[in-house]
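Participant: For reference, the structure I am asking about is given below.
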Number of protein chains: 2
Amino acid sequence: MGLPFVTQAQITEVAMGKVKVQVNLNGQGQLFYSMLFGGKPVIKQSLLGLKVKGNDTLFNKLFEIIGTDVTETDTTWKPVWGEVSTIRDHHKQLTLRLRQKDAGRHLLNITFRVFNDGVGFRYEIPQQPNIDYFIVEKELTEFSMTGNHQTFWIPGDYDSNEYSYTRSAISKIDNKPVVETTGGLVVQTVEDRYSVQTPLMMKSADGLYINIHEAALVNYPAMQLHVNTRNLVFSAALVPDAVGNMAYLQAPFKTPWRTLIVSDHAEDILSSKLILNLNEPSKPNDVTWIKPMKFIGIWWEMQIKKSTWSFANSAREKNVDGNLVASGKHGANTANAKHYIDFAAKHHIEGLLIEGWNTGWEDWFGNWKENVFDFVTPYPDFDIKAVTSYAASKGVKLIMHNETSGSATNYERKLDTAFKFMNKMGYGAIKTGYVGRIIPRGEHHDGQWMINHYQRVTDKAMEKHVALDVHEMVRPTGLHRTYPNLMASEAGRGTESNAFSNGNSPDHETILPFTRLIGGPMDYTPGIFKLNNLGSDSSKRVRTTLCKQLALYVTMYSPLQMVADLPENYKKYPDAFQFIKDVPVDWDDTKVLEAEPGEYVSIVRNEKGSSDWYLGAITNEKPRTLNIPLSFLKKGRKYQVTIFADASNAHYLSNPELYTISNRMLGSNQKLVIKLAPGGGCAVKFKLLPL
Amino acid sequence: MGLPFVTQAQITEVAMGKVKVQVNLNGQGQLFYSMLFGGKPVIKQSLLGLKVKGNDTLFNKLFEIIGTDVTETDTTWKPVWGEVSTIRDHHKQLTLRLRQKDAGRHLLNITFRVFNDGVGFRYEIPQQPNIDYFIVEKELTEFSMTGNHQTFWIPGDYDSNEYSYTRSAISKIDNKPVVETTGGLVVQTVEDRYSVQTPLMMKSADGLYINIHEAALVNYPAMQLHVNTRNLVFSAALVPDAVGNMAYLQAPFKTPWRTLIVSDHAEDILSSKLILNLNEPSKPNDVTWIKPMKFIGIWWEMQIKKSTWSFANSAREKNVDGNLVASGKHGANTANAKHYIDFAAKHHIEGLLIEGWNTGWEDWFGNWKENVFDFVTPYPDFDIKAVTSYAASKGVKLIMHNETSGSATNYERKLDTAFKFMNKMGYGAIKTGYVGRIIPRGEHHDGQWMINHYQRVTDKAMEKHVALDVHEMVRPTGLHRTYPNLMASEAGRGTESNAFSNGNSPDHETILPFTRLIGGPMDYTPGIFKLNNLGSDSSKRVRTTLCKQLALYVTMYSPLQMVADLPENYKKYPDAFQFIKDVPVDWDDTKVLEAEPGEYVSIVRNEKGSSDWYLGAITNEKPRTLNIPLSFLKKGRKYQVTIFADASNAHYLSNPELYTISNRMLGSNQKLVIKLAPGGGCAVKFKLLPL
């Protein structure tokens, strides 16, 4: 389908449904694109190209189009786990084959994939005679917005995504006050006060929802966005390496996809499978071992300072034999682990995360120290063999923790040993962590070197049949399609923030699905039942109702879903806990009923291999009434509907733990009306009744 | 022996033989030292201290002396291998216990060890309540010289020692022209035109020889010296890391020793064991497996472009099956390896180095690429099992090559695999290499991170019973006492420079023993017999006579000594080759007969466990006559003396290969007179005759 030659005046375009992309060259041979939705401009003419170190023109001007290829694809595929059992991938692909009118006659392809709900495009550097290795100094990609949209943003920090979202017009973006007032972050590296992180969510005055992110981030730094607050143009801002370069590449190479998801319905943004579709299928590994699960953890008790990760108060507290002196506050001790195992077994929670089981925590972060953890040596009060065999005898899977304190070099040189140990002990899942400044020093959590590090760990875990839950990682870009063992990550401001900082506001969980979760599942750690006076600190609370905590199991999808609170707190509310015990982590179908970023999210999901549905609905600080038709249920059938609702006097600041549980029998032609408290939510289970 | 309190006016001093060190505090509580030799000042009052990041006073002023300890030690010890079989360590040690009059009451000890031939001192940060982790921003140590001495220096390059030496007055030091005109270096990082590398050799107008270096460089960056050309003060210039810091430390910590070797006889500088004595004894590992040896190599043929390290001309030259297409020029092929093995076996050369045996060389350096080599995959034309078993059957030990292309991260993550492979194949020695810019990017060959990397590789090699010959490493600091498997390193401008750059001048080998070799053995790769028209390039030559090449086996000590030229070139001169075959690599005794940096070096050594002696004498571009009494021979005994001397018409530029071999019978009361050609040398074997 290649065309012979395209004159510079010609506009090349490709459309799918309401989405249209147009590409054109200017007189200097610079390439631009624009995007429309239903005839309305979404992205005005915006520059494309790369700046290569040591060459002012390479891959950015003097282009001529030597060919265009257009193909259409309509296929379906089945994820190993996820929100739906089948995903349709219907897109048109336009590849522009460009050649530069420079001495090297350099070749660059740009491929656009246009879907009903948006577009992805990437740069492809073919193998060619006059270029082999090159260093990207800057990516020139721009997103020129058509208006001063409302934007949900966090700062463009090279090392952290753990910020609360700010809602502002594009022209008002300024991350400085946010960076300066956000507490509790171990590393903050924000070099540009006008930079924001992706996924970036916007809403136009005329009701268009626009999300900018990227897909398939491999061997390239993360893309953040620098905003020009005057002309409303976002430009790609790649995360630099230790010497200020962006990416070390060798032809042939394909960059990650730059993605735009667009709709006039906010719900479509949450339903979009565009980013997953732009990722590669999983490799033909044996992936049957990968199983979603819920898990409890020896974790929240450390967050709320009931116990500690460390065994001793300080690395210097040693006895005459040179051994650490126990502080008596160590969480991951044998007895406590068995206590958690008993609880998990009793309530059929599949997994138990154990943090602080291994030596090193007396001295773990803040010092840019390279060799802290060895990933194999348990503390003396943690009888790892006894705990492991006890868990096995009770059918509880242990998720072991590999905290790196940001020292990726140390983890890499011990990776073989650590994973051999995991395999030998029979552990099928690891939570990794990167708290602290990265080593190699000067590298960042979101730079190319660390992107490749996460990939190496993922590859090793796949080889060893270990599932991963990665904390302090770069935000996801749909790579869990290709690597289904990369089940969840943090890369955002989770529940833990409530325990050690000013916490999360009630709108936080209504924004996350439009931003952080666009790239993939988040280990948000829902399920807190004791919502205030955290760790006996009256200033620390979780700003939701208890019912909203239940709803999060539906609204925040993750195949690894934590049951985050302490067993003792669940024991106080056994009826509400029943929802957490029941709610699945793998689904055949998902419907976003109602959603508006910063306001509310209502999602209903169909349990995998079952006819049962689960609904979660949340609101921000405003009370709302959920009023939804049950048309997703099977026609002509009745369901036993168990409704977990905020009590009438519940409020996220007062009486957050008050709820009601009611049972009704309903069918698809009926409606459900439920009141949500300020900062509240509801959770509903629909159990199909036999005929 | 602690003294109660020392007033600030008090001068503390310690002396051994002619060497005296004095220490004093000024009114600001800054600490200074000075050094004398035979009553003459060598180092004028010079500052001591460290600058810690984020603190202007810590470890550099407001000191008070809270105690001094003086001890004297006189012991002997036996190195595993070396120039002598027994080393005497006779020194006085002065430890100044300092406390700062700051809020933290910080403690710092400075220890001086004074020997007959110089002094070493170091900073010791004791464990103490008010400091744990800290970052060194600058080391304040100064060396204030008493005159504008003649200096033999190379630039203070963070990534290379492979420079020719410049001879200049201190006031004339300026490395810029040297840096700009030195060709053939893959990486050069010189940020200060007034910085020089150590070991730095100086000679004063009144005949004092002074060498500044360091001993026991562990977990700290290398110390280079910044010179103030006006006041003749050298100050420590540590090699920075990727973000501009010098060292990440945790108390307790001891810095490397700063060393000053001083004598009024140049020969004493070469005989000094001060640096070895300042290093720790070897750990109680089993070190009996560590054996000095000579080795040939599939190496020089690549240097002179007769063959290549790579298998294909380019990584892109692949056939339809995706396999590299052989260029036909690959050196490390099975047949060639067997040819070398036959030669080594025939001539009783113990080892064979094979470079280019493993995949990756098509693309190995210059691109800052992280994953080049895997260290285990042989090229298709190298039947590694066949070559290995053939070598074993002939009694030849293979030295396998692990080139990292500077990508230390890649090597570290494959280190276990690489060493398991070495063990499995039965290889007892590895030559490692670091050609190229370091990864982690921004780190330097001589910075703290890489110092720790070399240490990790050395530790792994010790654990796996593998001897190391490390190229492109930081220059040595006597650590081979502690780690005798760290047998040799390059870290200097070796013979190879003649093959690909403007080469080495005839004085080069007369300077190296006073500079590079002060820290430890150098894999200089002597033994070139075809001295000009290297690789059929008439501009490339080795600027020595053939006899000087023989002499280097004695003057340049290394327990791993290469027999560097091609077998075919040795076959042309079998009588001269006999000296290389005979000369040992391990000695009971060594006497430096005559030496002057930049001029000449004559050394005679006694073979370990034998009564035979070997002499090597070299000169610079000037002809000389060696005239030495043979008093080192056993009294009353006769020796058969085989003299390899330059022919009367030999010259390093014309007829370099002309030599004479004569035999005489001589005793200890006789003299030996031998003429050395310009750029020439002589080698002599003294074989004890039976009574």
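Participant: Give me, ordered by chain and number, the residues 5 or more places off B:LEU560 or on other chains with an amide H under 5 Å from its own placed amide H.
Facilitator: Under 5 Å from the amide H of B:LEU560 lie the amide H atoms of B:MET293, each far enough along the sequence or on another chain.
Participant: Another question about this same structure. State, to one decimal in nm and shortest first, how far the label point of A:ASP589 sits from each corresponding label point in the other identical copies (label point: 7 angstrom along Cα-to-Cβ).
Facilitator: 9.7
Participant: Now a separate question. Distances in nm, one decimal, shortest first, from B:GLN578 to the same residue in every other copy, taking the label point 7 angstrom along Cα→Cβ.
Facilitator: From this label point to the equivalent ones elsewhere in the assembly: 10.2 nm.
Participant: Show me the ranking of peptides A:497-506, A:171-180 by mean Cβ neighbours inside 10 Å, starting with the highest.
Facilitator: A:497-506, A:171-180
Participant: Identify the residues of segment B:331-359 with backbone N under 19 Å of a label point that sits 7 angstrom from the Cα of B:ASN323 along the Cα-to-Cβ direction, or state none.
Facilitator: B:331-336, B:357-359
Participant: If you look for lysine pairs in segment B:7-161 that are eight or more places apart or on different chains, how many of them have Cα atoms under 15 Å apart?
Facilitator: Step by step, the pairs that qualify in segment B:7-161 add up to 11.
Participant: Separation of segment A:98-124 and segment A:147-185 by C-alpha centroid, Å?
Facilitator: Each part reduced to its Cα centre gives a spacing of 31 Å.
Participant: How high is the FRET efficiency between B:GLN670 and B:ALA386 when r is their beta carbon distance and R₀ equals 41 Å, given to the nearest 0.05?
Facilitator: My answer for the efficiency is 0.15.
Participant: For segment B:323-450, give the share of DSSP beta bridges that are antiparallel, in percent and rounded to the nearest 5; count only bridges with both residues there.
Facilitator: 10 percent
Participant: Hey, with R₀ at 22 Å, roughly what FRET efficiency would B:ASN285 and B:MET425 work out to, going by the Cβ-Cβ distance, to 0.05?
Facilitator: Once rounded, the FRET efficiency stands at 0.50.
Participant: What's the total accessible area buried between chains B and A, using a 1.4 Å probe, rounded to the nearest 100 Å²?
Facilitator: Buried area (both sides, nearest 100 Å²): 2600 Å².
Participant: Looking at segment B:193-294, which trypsin sites (Lys or Arg not before Pro) are DSSP coil and have at most 13 other C-beta atoms within 10 Å of their C-beta?
Facilitator: Passing sites in segment B:193-294 are B:ARG230.
Participant: Give me the accessible area of A:ASP74, 1.4 Å probe, in Å² rounded to the nearest 10.
Facilitator: Accessible area of A:ASP74: about 90 Å².
Participant: Here's a follow-up. Hey, what's segment B:293-585 come to in accessible area per residue, 1.4 Å probe, Å²?
Facilitator: Accessible area per residue, segment B:293-585: 28 Å².
Participant: I would also like to ask the following. Modelled label-to-label distance, A:GLN45 and A:ASN130, 7 Å Cα→beta-carbon offset: nm?
Facilitator: 2.7 nm
Participant: Sticking with this structure for a sec: Quick one: accessible area per residue over segment B:8-277, 1.4 Å probe, rounded to a whole number of Å²?
Facilitator: 34 Å²
Participant: Then there is this: Counting only the backbone N, which residues of segment B:607-650 are under 16 Å from the spot 7 Å out from the Cα of B:HIS348 toward its beta-carbon?
Facilitator: Of the residues in segment B:607-650, B:607-614 have backbone N under 16 Å from the label point off B:HIS348.
Participant: Something else: Loop only by DSSP, 11 or fewer other Cβ within 10 Å of the Cβ. Give me the trypsin sites (Lys or Arg not before Pro) in segment B:588-663 that pass, ordered by residue number.
Facilitator: Those that pass, being in a loop and sparsely packed, are B:LYS635.
Participant: Does segment A:479-519 classify as rounded, prolate or oblate by the C-alpha gyration tensor (a ≥ b ≥ c root eigenvalues; a/c under 1.5 gives rounded; else a/b over b/c gives prolate, otherwise oblate)?
Facilitator: oblate
Participant: Work out how much length B:SER631 to B:LEU689 would gain on full extension: take 0.36 nm times their residue separation and subtract the Cα-Cα distance, in nm to one decimal.
Facilitator: 19.3 nm
Participant: Between B:ASP612 and B:THR75, what is the label-point separation in nm under the 7 Å Cα-to-beta-carbon projection?
Facilitator: It is 3.5 nm.
Participant: Whole-Hz ³J(HN,Hα) for each residue in segment B:651-663, computed from phi via Karplus 6.51 cos²θ - 1.76 cosθ + 1.60 with θ = phi - 60°, x for glycine and proline: what do you get?
Facilitator: 6, 5, 9, 10, 6, x, 8, 7, 8, 10, 10, 9, 10
Participant: Among the trypsin sites (Lys or Arg not before Pro) within segment A:7-88, which fall in a DSSP loop and have no more than 16 other Cβ atoms within 10 Å of their own Cβ?
Facilitator: A:LYS18, A:LYS53
Participant: If you don't mind, another one. Would you list which lysines come within 18 Å of A:LYS414, measuring only between C-alpha atoms, while excluding same-chain residues fewer than 8 positions from it?
Facilitator: Straight-distance partners of A:LYS414: A:LYS369, A:LYS424, A:LYS431, A:LYS460, A:LYS464, B:LYS414, B:LYS420, B:LYS460, B:LYS464.
Participant: Ok, one more. Just from its helices, what would the mean residue ellipticity at 222 nm be for chain A, if runs of 4 or more DSSP H residues each count -39500 (n - 2.57) and the sum is divided by every residue, rounded to the nearest 500 deg cm²/dmol?
Facilitator: -4500 deg cm²/dmol
Participant: Enumerate lysine pairs in segment A:493-594 that are 8 or more residues apart or on different chains, then count those whose Cα atoms are under 27 Å apart.
Facilitator: The result is 16.
Participant: If we hang a label 7 Å off Cα along the beta carbon direction at A:TYR133, how far is it from the matching labels on the other copies, in nm, shortest first?
Facilitator: Going from nearest to farthest copy, the values are 3.3 nm.
Participant: Further question: Under 13 Å from the Cβ of A:ILE518, count the other residues' Cβ atoms, weight Lys and Arg +1, Asp and Glu -1, and hand me the total.
Facilitator: -1
Participant: Would you mind classifying chain B by shape? Square roots of the alpha carbon gyration tensor eigenvalues, ordered a ≥ b ≥ c; an a/c under 1.5 is rounded, otherwise it is prolate if a/b is larger than b/c and oblate if not.
Facilitator: oblate
Participant: What net charge is computed for the residues neighbouring B:LEU94, neighbours being all others with C-beta under 9 Å from the C-beta of B:LEU94, Lys and Arg scored +1, Asp and Glu -1?
Facilitator: Neighbour charge sum, excluding B:LEU94 itself: 0.
Participant: Moving to a separate point now. Report ³J(HN,Hα) in whole Hz for each residue of segment B:130-137, in order, from the Karplus equation J = 6.51 cos²θ - 1.76 cosθ + 1.60 where θ = phi - 60°; Gly and Pro get x.
Facilitator: Taking θ as phi minus 60°, the curve returns 9, 8, 10, 8, 7, 10, 7, 8 Hz for segment B:130-137.
Participant: Quick check: pseudo-label points 7 Å beyond the Cα along Cα→Cβ at A:SER654 and B:VAL435, how many nm apart are they?
Facilitator: Once both label points are built, they end up 7.8 nm from each other.
The values are calculated or read from the model by the stated rules, or taken from the named source; none is laboratory data. Owing to the predicted nature of the structure, the values given are computational and were not obtained by experimental measurement. All Cβ positions, glycine included, derive from the backbone under ideal geometry; neighbour counts span all protein chains shown. The area values use the complete protein model at the heavy-atom level, side chains included, leaving out ligands, DNA and RNA. Shrake-Rupley method; radii C 1.70, N 1.55, O 1.52, S 1.80 Å.
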